[in-house]
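To start, the structure itself, in structure tokens.
Every number here is computed from the coordinates shown, using simple stated rules; none is lab data. Note that the structure is a prediction, hence the values are computed from the model and not measured. Please note: Cβ atoms are built from the backbone with ideal geometry, for glycine as well, and neighbour counts cover all protein chains shown.
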Amino acid sequence: MRICVFGAGSVGGYLAGYLSRGGAEVSVVARGTHLAAIRANGLTVETPDESLTVRIAASDKPANLGRQDLVLVTVKAPALPEVAATIAPLLGSDTAVAFVMNGIPWWYFHAHGGALDDRQLASVDPHGALWRAVGPKRAIGAVFWPACSVPLPGVVRLLTGAGSGTVFGEPSNTTTPRLHALAAAFRAAGLPVTLTEDIRALIWRKLAFNLSAGPLCVLTETPVMDTHTEQPLIDCSGQVLAEAIAVAAAMGITLDMDIPAIAEMNKSLAHRPSILQDLTAGRPMEIEALYGVPLEMARMAGVATPMLDVLVSLIKVKARARGLWRPS
């Protein structure tokens with residue numbers, strides 16, 4: 001199977017390294033010093049159990065890599081316009097494109113059914129560029145659970161055990177031959193993988209967990225556990241989580257989540273969310289995918305989100321002041 005990983009950073013690099021070792025014909029789209037290091041020394045993946053280095057085709061121009069059977073898009077949301085503008089040379093008539101990203105995806109309402117079927121999300125695909133360039137029929141949804149980092153150019157590191165790994169699902173909530181082929185490539189590589197017939201529920205579940213602490217982490221620039229040291233902040237976290245559960249319910253997704261139990265878990269998490277890592281590193285932030293789309297959906301459904309409204313507005317002020325976000 002010919003697989004291109006579009007965005008060979010922490011998540012993409014980890015997946016590319018193992019997929020290559022598993023026998024797939026893997027290429028990556030990367031840039032800058034990371035690309036130079038991959039070309040010079042190969043791509044190294046470090047885990048708690050091993051270190052492996054693979055030699056793979058790498059370019060900052062997708063047109064150099066040719067048509068693929070599968071594309072894994074693993075960029076951060078601010079890079080999606082570049083994906084839309086340059087992905088075409090990777091796409092054959094049957095190429096599937098799996099989006100392994102945080103937040104609500106641009107294809108969310110494709111094959112959704114009901115009044116919102118095929119509605120486009122302006123927050124994450126403001127001019128419909130992905131809808132046109134990729135096409136929702138190619139899209140496969142994904143939720144990636146492990147935490148990864150890029151400690152050095154050309155090196156990616158799995159920070160925790162692989163755990164439940166990656167979950168893939170079709171927007172149509174069916175299990176298709178292309179899903180089985182994708183899962184087979186992951187299993188051949190020793191990558192934990194699960195297929196689901198309800199990918200939207202898992203996307204919402206991960207997003208709700210992120211919302212329980214992520215906005216507070218960004219505003220305080222501290223790990224999750226430090227945002228749960230004061231009772232008013234714990235109360236704030238609980239209200240945001242309740243608002244997320246209400247928006248999901250309005251979208252037909254039932255999230256059975258124990259808010260006090262999540263608060264207790266957050267008290268012991270030393271993790272810094274990826275959006276906080278982007279803030280401290282001076283990289284563009286995934287504000288729209290993580291926060292803008294849930295608010296857009298809340299407005300669609302008439303669900304009040306007063307706490308999330310305030311927190312997201314404060315995050316936008318902070319990010320704009322540092323040149324890391326601007327309105328679409």
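Given Cα positions, please report Rg to Rh for the chain, the hydrodynamic radius being the Kirkwood one. All intermediate terms of the calculation are to be shown ahead of the outcome.
Values: Rg = 19.0 Å, Rh = 20.1 Å.
Rg/Rh: 0.95.
Among Glu264, Glu46, a tally of other beta-carbon atoms within 10 Å of each Cβ gives an order, fewest to most, of Glu264, Glu46. With the simple spin-label model, which puts each label point 7 Å out from Cα in the Cβ direction, the Arg322 to Thr86 separation comes to 2.5 nm.
Evaluating 6.51 cos²θ - 1.76 cosθ + 1.60 at θ = phi - 60° for every residue in the stretch 100-108, the Karplus couplings come out as 9, 9, 7, x, 7, x, 4, 8, 3 Hz, glycine and proline recorded as x.
Between Glu230 and Ser268, 0.36 nm times their residue separation minus their Cα-Cα distance comes to what? Spell out each step's value before the answer.
Values: separation 38, 0.36 × 38 = 13.68 nm, distance 1.36 nm.
Between Glu230 and Ser268, full extension yields 12.3 nm more.
Between Asp60 and Ala30, the built amide H atoms are under 5 Å apart, and every one of these is 5 or more places off in sequence or on another chain. Once each part is reduced to its C-alpha centroid, what is the distance from the stretch 6-84 to the stretch 209-266 in angstrom? When both Cα centres are located, 33 Å separates them. Couplings 3J(HN,Hα) of the stretch 189-201, computed from phi: 8, x, 8, x, 8, 9, 9, 10, 9, 8, 5, 5, 5 Hz, in residue order, whole Hz [Karplus 6.51 cos²θ - 1.76 cosθ + 1.60, θ = phi - 60°; x for Gly and Pro].
Can you give the net charge of the other residues whose Cβ lies under 15 Å from the Cβ of Ala201, counting K and R as +1 and D and E as -1? Don't jump to the answer; show the numbers that get you there.
Numbers: positive: Arg200, Arg205, Lys206; negative: Glu170, Glu197, Asp198, Asp256.
So the surrounding residues net to -1.
Counted residue by residue at 0.36 nm each, then reduced by the alpha carbon distance between them, the extension gain from Ala129 to Asp258 reaches 42.6 nm.
Taking amide H positions as modeled 1.01 Å from N, with prolines and chain starts lacking one, the residues under 5 Å from Cys148 and 5 or more places away or on another chain are Leu159.
Is there a quick way to get the dipole size of the stretch 201-320? I mean about its Cα centre, with the Cβ of Lys and Arg at +1 and of Asp and Glu at -1; what is the value in debye to the nearest 20? Working shown, then result.
Details: 9 positive and 13 negative charges, 66 e Å.
Here the size comes out at about 320 debye.
Fully extending the segment from Ala115 to Ser51, taken as 0.36 nm per residue of separation minus the present Cα-Cα distance, adds 18.1 nm. Of the residues Ile245, Ile287, the one with the fewest other Cβ atoms within 10 Å heads the list, and the complete ranking is Ile245, Ile287.
A simple spin-label model places pseudo-atoms 7 Å from Cα toward Cβ; at Asn173 and Asp309 they are separated by 3.1 nm. Note on Lys137, Lys318: ascending count of other Cβ atoms within 10 Å places them as Lys137, Lys318, the fewest first. Taking amide hydrogens as placed 1.01 Å from N in the peptide plane, the amide H of Leu269 sits under 5 Å from those of Met225, each at least 5 positions away in sequence or on another chain.
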